[in-house]
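**Student:** The structure follows.
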Amino acid sequence: MKNIVTIKDMYKSFYGAMALNGMNFTVNEGEVRCLIGENGCGKSTMIKVISGFHGFDSGELQINGKTYRKITPAESIAEGIQVIYQDFALFPNMTIAENIMMYSTVAGKKAHINWKEVRQRAVDTLHKIKFEIDPDIYIADLNVAQKQMVAICRAIVQNAKLLIMDEPTTALTTKEVERLFSIVRQLKSEGVSVLFVSHKLDEVIEICDSYTVMRNGEDVYCSNKGDSKLTKEEMVFYMTGKKFDSQTYHYEQTDAQPVLELKELTMEPTFRNISLKLHQGEILGITGLLGCGRSELAEALFGLRIATGGQIEINGKDVGIFKNVDDALRCGIAYVPEDRLTEGLHLAQSIADNSISRIVRNYANCFGVLRIKALRSKQTEGLNSMSVAGMVPQNPANSLSGGNQQKIVLIKWLASNPDILILNCPTVGVDVGAKNDIHRIVRDLARDKGVGVIIISNDMYEIMQTCNRVLLMKNGMIDQEIQTSEATMDALEELAAAD
């Protein structure tokens, strides 16, 4: 069997921290190999070595039988390596056809471009994966699933031998995942290898032929095509070196008056007539397919969007509709956004400063002078409240892995001692160990401190593990209410996917 990529005893460090620690790895022709591991285990570093973005300190890199001491991005592409990152790296102000043909057009180095030919090649590639869409539509007008199809087409037109997909299903619905998997299987049948990087272990089990499990920069488990598949519990053990007990959240209502009540809250055309109650110490889940209005509802509850009708009550008091974020903050609401990178953190600022960024103005006098000693004490208290792997407080927030960045976002908001915590997809792109940590933290907040929590998520495992009650949204409205103690994850997924 032909090897597309082989890595032997590879080492790579950054500022003294070891990212790859004697890594061994192989992808064969025509196989779907899954790469799994916790955030910070070295997955991204290895991908960037293969694609030419990073060099390596020692070891061996072979691509298509050629040995490289250092490979450039152009050489990697020429060898048939294509990477589809989570942001897809598409140009929003260009058409589908122009994006598909971008690399080929630039590589051609022609003074004049035959746009008719460019468009036709793009159309042929779209037809190849049965993606029927107008090639003249601009990328800015596409949804996430459509952008992903364009990125795949761009890889195919470059005659990809190895397609690396980094967290490809993060923002996809169940039907869109099925569509993606059918394309992966089609590519495999044509001899294209796929390296599938994901934290969603159910999907890993479904799509992969073989696995490589990483921990602390090393390969701790490797299977070959045809080997029996690991269970999810075995995968988690290899990834973390630990076994996790499955827990659910038990809630008993003790207060008659809800901490938050919505009455017919509406924001046309995304959601309408949303009525719900959240009690102290309760964890309420809100789920539904993408486009159902769940994220917009979360943002309206934090003043990021302005509802057009309805009523919000906090502890029985009518506060109207939030016109801005300050309205929500005054009501004791904290919000952890879906995108921690662009909305949750100041990535270039230190971890320490991020941890107190929500409350820093509370420590300023009337002249704007900060009470530094008190602020530093609060900073230390927050950073000591959670286990954050690899944390050096004065390092920038972008030095942390995804799961640990999410913990800093939580620390930032919990510093304000909120009465209501809204979490929008809190563990997207987070590894299984950090996910369990975050779920435990949220349960403890509700149980021990009485915080009312709303979790917006399409991760049914997350909903079942953390919430005592879940509201299912469809077409901008609440379709039904379900007690998680009376439901199963499969049943919940079927209800969400049903038309």
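**Student:** Over 24 Å, how big is the tail of the calculated P(r) for region 1-100, in percent of all Cα pairs?
**Tutor:** 27
**Student:** Among the DSSP beta bridges whose two residues both lie in the chain, what percent are antiparallel, rounded to the nearest 5?
**Tutor:** Here the antiparallel bridges make up roughly 55 percent for the chain.
**Student:** If each of R371 and E494 carries a label point 7 Å out from its Cα toward its Cβ, how far apart are those two points in nm?
**Tutor:** Here the answer is 5.8 nm between the modelled labels.
**Student:** Let me spell out the model: positive unit charges on the Cβ of Lys and Arg, negative unit charges on the Cβ of Asp and Glu, origin at the Cα centre of the chain. What dipole size does that give, in debye rounded to 20?
**Tutor:** 1580
**Student:** Pull out a ≥ b ≥ c, the square roots of the eigenvalues of the alpha-carbon gyration tensor of region 297-372, then state rounded if a/c is under 1.5, prolate if not and a/b is larger than b/c, and oblate in the remaining case.
**Tutor:** Oblate, since a/c reaches 1.5 and b/c is not below a/b.
**Student:** Using θ = phi - 60° and the Karplus relation 6.51 cos²θ - 1.76 cosθ + 1.60, list the HN-Hα couplings for region 222-237 in order, rounded to whole Hz, with x at every Gly or Pro.
**Tutor:** 9, 10, 10, 4, x, 5, 5, 8, 6, 7, 4, 5, 5, 4, 4, 5
**Student:** I would also like to ask the following. So for the pair K8, K243, with labels modelled 7 Å out along Cα→Cβ, what separation do we get in nm?
**Tutor:** Between K8 and K243, the label points sit 3.8 nm apart.
**Student:** So, one more: Kindly provide the helix-only [θ] at 222 nm of the chain, computed as the sum of -39,500 (n - 2.57) over DSSP H runs of four or more divided by all residues, to the nearest 500 deg cm²/dmol?
**Tutor:** Helix-only estimate at 222 nm: -9500 deg cm²/dmol.
**Student:** Further, regarding this structure: State the dimensionless ratio Rg/Rh of region 39-97 (Rg: radius of gyration of Cα atoms; Rh: Kirkwood radius).
**Tutor:** Dividing the radius of gyration by the Kirkwood radius yields 1.05.
**Student:** Another question, then. Obtain the radius of gyration and the Kirkwood radius of region 376-434 from its C-alpha atoms and give Rg over Rh.
**Tutor:** 0.95
**Student:** Spit out the partnerless Cys residues in the chain, using Cβ distances under 4.7 Å as the pairing rule.
**Tutor:** Unpaired cysteines in the chain: C41, C153, C222, C292, C331, C366, C425, C467.
**Student:** Sum up the charges of everything whose Cβ sits under 15 Å from the Cβ of V157, counting Lys and Arg as +1 and Asp and Glu as -1, but leave V157 out.
**Tutor:** Residues close to V157 contribute a combined charge of +1.
**Student:** Projected area of region 3-240, taken from the Cα convex hull and averaged over every viewing direction, in nm²?
**Tutor:** Averaging across all directions leaves 13.3 nm² for the Cα convex hull.
**Student:** Give me the extension gain from E486 to K225: residue separation times 0.36 nm, minus the current Cα-Cα distance, reported in nm with one decimal.
**Tutor:** Working it through step by step, the gained length comes to 90.0 nm.
**Student:** Another question, if that's okay. Which whole-number percent of Cα pairs in region 227-281 have a distance greater than 16 Å?
**Tutor:** Tail of P(r) above 16 Å: 68 percent of Cα pairs.
**Student:** In whole Å, what is the distance between the alpha-carbon centres of region 196-235 and region 403-476?
**Tutor:** 26
**Student:** The chain: longest stretch without exposed chymotrypsin sites (Phe, Trp or Tyr not before Pro) (DSSP loop, at most 10 other Cβ within 10 Å), sites themselves excluded?
**Tutor:** By the stated rule (loop sites, at most 10 other Cβ atoms within 10 Å), 16-366.
**Student:** Principal axis extents for the chain, Cα atoms only, whole Å, descending order, please.
**Tutor:** So the extents along the principal axes, rounded to whole Å, are 68, 52, 49.
**Student:** So how much slack lies between Q349 and D134, counting 0.36 nm per residue of separation and subtracting their Cα-Cα distance, in nm?
**Tutor:** Stretched fully, the Q349-D134 segment lengthens by 73.2 nm.
**Student:** Which value, to two decimals, describes the C-alpha radius of gyration of region 227-370 once divided by 2.2 N^0.38 Å?
**Tutor:** Against the compact-globule rule of thumb, the ratio is 1.37.
**Student:** Turning to a different aspect of this structure: Among bridges DSSP assigns within region 3-240, what percent are antiparallel (round to 5)?
**Tutor:** 55
**Student:** Okay, next question. Treat the count of other C-beta atoms within 10 Å as a stand-in for reagent exposure and order V83, V157, V123 from fewest to most.
**Tutor:** Going from sparsest to densest Cβ surroundings: V123, V157, V83.
**Student:** Something else about it: Calculate one ³J(HN,Hα) per residue across region 74-83 by plugging θ = phi - 60° into the Karplus curve 6.51 cos²θ - 1.76 cosθ + 1.60, and present them in order as whole Hz with x for glycine and proline.
**Tutor:** Per-residue couplings from phi come out as 5, 5, 5, 4, 5, 7, x, 8, 10, 10 Hz.
**Student:** Calculate the all-directions average of the projected area of region 260-497's alpha-carbon convex hull, and give it in nm².
**Tutor:** 13.0
FYI, it's all coordinate maths here, none of it is from the lab. These numbers come from a predicted model, not from an experiment. Cβ coordinates were reconstructed from backbone atoms using ideal geometry, including for glycine residues, and neighbour counts include every protein chain displayed.
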